[in-house]
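Read the structure below first, then the notes.
Nothing in this text is a laboratory measurement; each read-out follows from the coordinates by a stated rule. Treat the numbers as computed from the prediction; the structure is a model and nothing was measured. Cβ: placed from backbone, ideal geometry, glycine included. Neighbour counts: every protein chain shown.
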Amino acid sequence: MYWNDEEWGQEPRIKQFILDILLQLSHSISQESMHSVVRILLRDLSTEGDENKRNLYQSCIQTGPSAHTWNVSASHLDSSSLIDQVQNKPSIEPALRKVNEFLLAADSKVLLLLGDSGAGKSTFNLELERNLWTAYNRDKKWIPLFVTLPAINMPEEDLIAKHLRKYEFTKNQIRELKYYRQIVLICDGYDECQKKVNLYNDNRLNQPGEWNVKMVISCRSEYLGSDYRIFFQPGCRNVRKGATQLQEAVIAPFSMAKINHYIKSYVTKYQIPGETVWTAEDYQSAIKSIPNLQDLVRNPFLLSLALEVLPSLVDLSKDLTSNQISRVTLYDQFVEQWVERGQIRLIERSLTGVDHVAFEILSEEGFKRNAIGFLKGLAVAIFDEQDGKPVVEYLPSRDISSWKAAFFGHGDGKNLLRETCPLSRTGNQYRFIHRSVLEYALARAAFEPRQLGADDQESVEQVDVQYGDDRDGPSKDTPPSSPLFRKSFVHEHSIINFLSERVLQSVQFKNQLHRFIDQSKSDERFAQAAANAITILVRAGVLFNGADLKGIQISGADLSGGQFDSAQLQGADLRNTNLRNIWLRQADLSNAQMVEVEFGEWPFLEDVSSVHSCAYSPDGKTLAVGLGDGTIRLYETATWEKTHTLSGHTSYVTSLVFSPSGQQIASGS
């Protein structure tokens, strides 16, 4: 780049950037093999005949190299949305080192910790709290405060005091902490509190008379949109200092070395007596041989699930490469094993009285079926009643007549079902043991895998279903009992992923989703289910090329990346749909409703040279564009036709402005 740029001087920042890289490499201890090459390049530059180049080189030498992290490896993370959003952020290894740097940086106020579901964000936050307490006992500086955000009502108001009052801190104790102590506020589960607010700004942290705080806040990356920084950046988004006050880091997936280390620890400490015992070599062989399993277990939570369930799913005496294990398969087996173990514990307790009677009734009806039904019903209620906020607070005196009593009250064996389901309890607060288990249970409520029939033995890829066929699925008069009818799950990426994997398992489920879409053409009750259904099918890779989709109602659906070439979409309701990277060649969109459709592309004008400046006239009817060839082009914004070309500059036009009347233009180069 340095030697071959024919337009030297046009963009000195690029040269300065390259020189900065070379200077940093020349100082790098970890790049010994590059030193001699870099030094030769720098020596040649110091004697360069061109005065501009020589002067720039000398100024860079005097300034010294910038502190850029050139050698940070890119993080290989699962979800495409995560890759889109966290490119160019440092993958932390070890993560605590990044936090220490954050605490030492005077300007830094918020550290945003990103990662996929199950990446270990909560585990890291708890370990951070423990380490900070150890440090506080030594230097009495930072007091860590771990807050589970979904457990706090309205965390945007008085967050810290609310948390401390839950643990019976007095007003005087809270006042002492507020005015005389430094707090590291560790906020776990921003995505789970189901609110997109700026907790730092709304709580007035570090304002005069307020809490003296450094905030570490964790969030699942797929929950964030492209403008996510506004929800975490301290102060006004237009203040330059805000960029340094917000830092970001990513919890990277497990490497194979970490996976193998975890396997050895698990085999040594955590295998359950009486169950099939695998050696570390057995696990390593299965993970290496079963298609796609190695990619799945790079996620720490999925690795822990896999170690639990693989001995039940896999026969080591058979060809391992023939096994088909997906994420939803691991959760199916994990939940059923959890319930079975809970049932065994109840039997071993020799229940008496009311509990014995309730257990007998539940067992006659099928205890495992009842427990999983309880789990699915609770997940649906959490999304219906709390919009997916995972923590349920139940006070018998207050909630005996609410929806919560059906799950957390007494009678009908509810206490037995709670004991056998993957739930945790802290005081009067209940939640699933992991957010992803809640999402799995909701997905299972939308389609129960026990519905798989003989037709599902056939590969989904080989089934060609045309619209209008008499497929399996609900009739037109089917009441909207499925969760897919009641709420949009388009932005619940984990739920959509679970259900898209079900599509690949079940032709029946695939056909049912097609029926929802088909029936939305004539029945608006199916519109919400249709939007969810087509989102699931697109995520599963189902093709809609040439499909008859005339009049479908799928407002708010996510069709990004879908293939709809030659699709018949006349009169379709596509309002607020995501059409990023969609294939629409020769598709018919006549009379389709497309308000607020998102293509993910900016409109553009193509010209003969690079654009360096532009300005709209005061009335918005004209756009002036300054080009690299020294000309200015004027466009009429109503039609985007080029109306004038102005010349006179000898270099690219760097600035443009219209006069207040719009009759004159001032330009600079």
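Max-minus-min Cα coordinates of the range 611-668 on each principal axis give 29, 23, 15 Å, with the largest extent listed first. The phi torsions of the range 509-515, fed into the Karplus equation with coefficients 6.51, -1.76 and 1.60 and a -60° offset, translate into couplings of 5, 4, 5, 4, 5, 4, 5 Hz, rounded to whole numbers, with Gly and Pro shown as x. Between E281 and D44, the FRET efficiency from the beta-carbon distance, with R0 = 60 Å, is close to 0.60.
Shown here is the pair-distance distribution of the range 563-669: with all Cα-Cα distances grouped in 5 Å bins from zero up to the longest one, the shares run 3, 11, 17, 16, 11, 10, 10, 11, 8, 4, 0 percent. For the listed peptides 629-636, 349-356, 616-623, 183-190, a ranking on the average number of other beta carbons within 10 Å per residue, highest first, reads 183-190, 629-636, 616-623, 349-356.
If contacts are Cα pairs under 8 angstrom and at least 6 residues apart, what is the relative contact order of the range 337-446 in percent?
Details: 101 pairs, mean separation 37.1, N = 110.
Result for the range 337-446 is 34 percent.
Roughly speaking, what is the stretch gain from Q207 to F169, that is 0.36 nm per residue apart minus the C-alpha to C-alpha distance, in nm to one decimal? Don't skip to the end; give the middle numbers.
Numbers: separation 38, 0.36 × 38 = 13.68 nm, distance 2.26 nm.
Between Q207 and F169, full extension yields 11.4 nm more.
A Förster radius of 41 Å, combined with the Cβ-Cβ distance separating Q194 from S566, puts the computed FRET efficiency at roughly 0.55.
Using only Cα positions of the range 337-446, each an equal point scatterer, no hydration layer, compute I(q)/I(0) via Debye at q = 0.10, 0.22, 0.23, 0.24 Å⁻¹ and quote the log10 values to two decimals. Each listed q maps to, in turn, -0.27, -1.30, -1.38, -1.46. For the range 267-358, the dipole from Cβ point charges (+1 on Lys and Arg, -1 on Asp and Glu) about the Cα centre works out to 220 debye, to the nearest 20.
Please report, to two decimal places, log10 I(q)/I(0) for the range 256-325 at q = 0.18, 0.21 Å⁻¹ as given by the Debye formula with identical point scatterers on the Cα atoms and no solvent. With no solvent term, the Cα-only Debye profile gives -0.62, -0.86. Using the Cβ-Cβ distance between Q324 and L543 with R0 set to 30 Å, the FRET efficiency works out to roughly 0.90.
The mean sequence distance of close C-alpha pairs (under 8 Å, at least 6 residues apart), as a share of the length of the range 256-325, puts its relative contact order at 36 percent. Of the residues Y262, L313, I290, the one whose Cα sits farthest toward the positive end of the charge dipole of the range 256-325, with +1 on the Cβ of Lys and Arg and -1 on the Cβ of Asp and Glu, is Y262.
Cross-link reach is defined here as a Cα-Cα straight distance under 22 Å, omitting same-chain residues fewer than 8 places apart; for K642 the lysines meeting it are K621. A full extension of the chain between Y179 and D384 corresponds to an added length of 69.7 nm, given 0.36 nm per residue minus the alpha carbon distance. Per-residue 3J(HN,Hα) values for the range 278-292, derived from phi via the Karplus relation 6.51 cos²θ - 1.76 cosθ + 1.60 with θ = phi - 60°, read 10, 8, 4, 5, 4, 4, 5, 5, 5, 5, 6, 9, 6, x, 6 Hz in sequence order (x marks Gly and Pro). Given the options P208, G120, I230, identify the residue whose Cα lies farthest towards the positive end of the charge dipole of the range 80-250 (+1 on Cβ of Lys, Arg; -1 on Cβ of Asp, Glu). Value computed over the given set: P208. Taking the three principal axes of the alpha carbon atoms in the range 115-212, the coordinate ranges are 37, 31, 25 Å, sorted in descending order. Once the chain from E127 to K258 is taken as fully extended at 0.36 nm per residue, the excess over their C-alpha distance is 45.4 nm. Size descriptors for the range 80-250, from the alpha-carbon set: Rg then Dmax equal 15.3, 48 Å.
Note on the range 80-250: with charges restricted to the Cβ of Lys and Arg (+1) and Asp and Glu (-1), its dipole about the Cα centre is near 620 debye.
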